[in-house]
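**Q** Attaching a single structure in structure tokens format; questions to follow.
The values are calculated or read from the model by the stated rules, or taken from the named source; none is laboratory data. Everything quoted here is computed from the prediction, not taken from an experiment. Because the Cβ atoms are built from the backbone with ideal geometry, glycine has one as well, and the counts that use them run over all protein chains shown. Just the protein is used for accessible areas: all its heavy atoms, side chains included, with ligands, DNA and RNA removed. Shrake-Rupley method; radii C 1.70, N 1.55, O 1.52, S 1.80 Å.
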Amino acid sequence: GGLAGHQAAHAEGSPARPASSGATGATGTGTSATADATTGPGALGRARRPFYGTHQGGVFDRPQAHGVWLGLDLVEEADASTLRRLFTIWTDDAAALMSGRGPLADTEPEMAAVTAGLTITFGVGPGVFDLTGITADRPGWLRPLPAFPSIDQLEERWRGTDLVVQICADSPLTVAHAQWVLLKDARSLARIVWCQKGFREAVGTEVPGRSMRNLFGQVDGTVNPAAGQDDPVVWMCASAPDWLRGGTSMVLRRIAMNLSTWEQADSVSRELALGRTQATGAPLTGQVEHDVPDLQATDAIGLPVIDTFSHVRRSMPHEHGGVDRFLRRPYTYDEGPSAHALSDAGLLFVAFQADLERQFLPVQRRLAEADRLNAWTTPVGSAVYAIPRGVREGEVLAEGLWR
Ligand code: HEM
């Protein structure tokens, strides 16, 4: 009816651009996002991404400026019907919030009008498969990543949980409102374990076409699969069970970045460690960000220009037709200074891939083994989730898990 037409008129369009898009993001509003009291939110504020579809949002679409990850455990006495009740409520909530309507129990529905490209993405952890009444098999890969003792200093407080909710939007207020609604509606069914907040560049602020910078000042996000072109890298297909067909796997690693020791590193060591320039993100063998690195190039004394132990060389798909590509959709976190340290900052490293064991793990192993960047970075949190496929109207997210 009228509402559907209205929604379509404001739909932001999906799939959007690859993660590397900056100011030229899907809304393309630039500075013209002026609000008008008679017509509602500005263009950036009323941007909508579809809730219903083959895939959940918040994966292959342009990363919004703000994100929060909520880790929850189901209540002690939970069984499959608890999970079903929770996802029934959350499906309704997410459908309403993403289309600019306050859900049933929203006491501040006015806030829902600013969708700002909101996506809400739900995932389940391994624990869910131990519940009485769950009929789906736990996918073999759905378990904590193996330990990487050479780099890991994992803290229990960032452990894997039964559930994850990822909320992203271009307005922090939209994220906060959605978070409040989803958490209060879940309060008798699940308990919060952690909340991890991140941000990227504000829309329209980065050099057009350039990837975001992380807090080391590096251009981050250059080499990434593109929606439409590289779909099988991310989305599970025919061989997956129905609830995952069109879904994916999520790795969430909280990686601390030591700004104090990075400050000590000169630009030669920084660029050697990464294999790309700090200024533009171009490979050390190229001129501009998206130039293809020349791995054969050597310097005056015969050493590879892109060092064997540089981050990009270690992380790129293996030279022998490697399948180890995946989608990175990271956010910066910055918890601010304290009496003990000038900064508590890093990356919420979020990776999506169809096959965690064949695509993600080989890369993570190579990096743990030898990556110059490890001198300044420390994984402190790690979690793995299954991201169920998207739903059609009338369906409940993750409904293939129970009968
Ligand atoms: C590339 C930074 C952790 C996988 C890059 C680039 C930067 C970067 C600046 C180059 C530009 C680009 O292509 O995006 C960081 C920082 C990290 C981190 C600061 C930790 C705080 C990781 C981890 C993984 C990873 C944990 C995977 C397990 C990759 C991959 C590429 C890449 C696959 C692209 C390689 C290519 O094909 O050229 N990273 N990264 N990174 N990183 Fe990381």
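**Q** HN-Hα J couplings of segment 300-314 from phi, Karplus 6.51/-1.76/1.60, θ = phi - 60°, integer Hz, Gly and Pro as x?
**A** 3J(HN,Hα) across segment 300-314, in whole Hz: 4, 9, x, 8, x, 5, 9, 4, 4, 9, 6, 4, 5, 5, 5.
**Q** Enumerate the calculated ³J(HN,Hα) couplings along segment 185-192 in order (Karplus 6.51 cos²θ - 1.76 cosθ + 1.60, θ = phi - 60°), each rounded to whole Hz, writing x wherever the residue is Gly or Pro.
**A** Karplus values, whole Hz, x for Gly and Pro: 6, 9, 5, 8, 10, 8, 10, 6.
**Q** Counting residues in segment 267-329 as N, plug N into 2.2 N^0.38 Å and put the Cα Rg over that result.
**A** Ratio of Rg to 2.2 N^0.38 Å for segment 267-329: 1.12.
**Q** Whose amide H sits under 5 Å from the amide H of Val193, counting only residues 5 or more places off or on another chain, with H placed in the peptide plane?
**A** When sequence neighbours closer than 5 places are left aside, the close amide H contacts are Gly71, Leu72, Asp73.
**Q** Calculate for the chain the 222 nm mean residue ellipticity that helices alone would give, adding -39,500 (n - 2.57) per DSSP H run of length 4 or more and normalising by residue count, nearest 500 deg cm²/dmol. Before the final figure, lay out the partial values.
**A** On the way: 8 runs with 74 residues, N = 403.
Computed ellipticity for the chain at 222 nm equals -5000 deg cm²/dmol.
**Q** For the residue pair Ala375 and Cys195, what label-to-label distance in nm results when each label sits 7 Å from Cα along the Cα-to-beta-carbon direction?
**A** It works out to 3.8 nm between the two label points.
**Q** Further, regarding this structure: Among 53-59, 393-399, how do they line up by average Cβ neighbours within 10 Å per residue, starting with the highest?
**A** 53-59, 393-399
**Q** For the pair Arg358 and Ala265, what calculated FRET efficiency results from E = 1/(1 + (r/R0)^6), where r is the Cβ-Cβ distance and R0 = 35 Å, to the nearest 0.05? Intermediate values should be presented prior to the final figure.
**A** Details: r = 34 Å, r/R0 = 0.97.
Efficiency at R0 = 35 Å is approximately 0.55.
**Q** For a quick check of understanding: with a 1.4 angstrom probe and all protein chains in place, what accessible area in square angstrom does Thr298 have, to the nearest ten?
**A** That residue has around 80 Å² of solvent-accessible surface.
**Q** Whole-Hz ³J(HN,Hα) for each residue in segment 48-62, computed from phi via Karplus 6.51 cos²θ - 1.76 cosθ + 1.60 with θ = phi - 60°, x for glycine and proline: what do you get?
**A** The phi angles translate into 10, 10, x, 7, 7, x, 4, 10, 6, x, x, 10, 9, 9, 3 Hz.
**Q** Sorted from largest down, give the three principal axis spans of the alpha carbons of the chain, whole angstrom values.
**A** In descending order, the Cα extents are 69, 52, 50 Å.
**Q** Given the convex hull over the Cα atoms of segment 141-213, what projected area results after averaging over all orientations, in nm²?
**A** Its Cα hull, projected and averaged over all orientations, spans 7.7 nm².
**Q** Among 75-81, 165-171, what's the highest-first ranking by average C-beta atoms within 10 angstrom per residue?
**A** Top of the packing list down: 165-171, 75-81.
**Q** Still on this structure, I have one more. Let me check I have the definition right: for segment 77-183, take the eigenvalues of the Cα gyration tensor, multiply each by 5, take square roots. What are those semi-axes in whole Å, largest first? Mind dumping the intermediate values first?
**A** Working: eigenvalues 176, 80, 23 Å².
Each semi-axis is the square root of five times an eigenvalue, giving 30, 20, 11 Å.
**Q** Rounded to the nearest 0.05, what FRET efficiency is calculated for Arg85 and Leu303 with R0 set to 51 Å and r the Cβ-Cβ distance?
**A** E between Arg85 and Leu303, to the nearest 0.05, is 0.25.
**Q** I would also like to ask the following. Debye sum, Cα scatterers, segment 244-372, no solvent: what log₁₀ I/I(0) at q = 0.11, 0.12, 0.13 1/Å?
**A** The Debye formula, applied to the Cα set alone, gives -0.48, -0.57, -0.67.
**Q** Okay, moving on. Quick one: which residues, 5+ away or cross-chain, put their amide H under 5 Å from the amide H of Met212? H built at 1.01 Å from N.
**A** Residues meeting the amide H criterion: Asp220.
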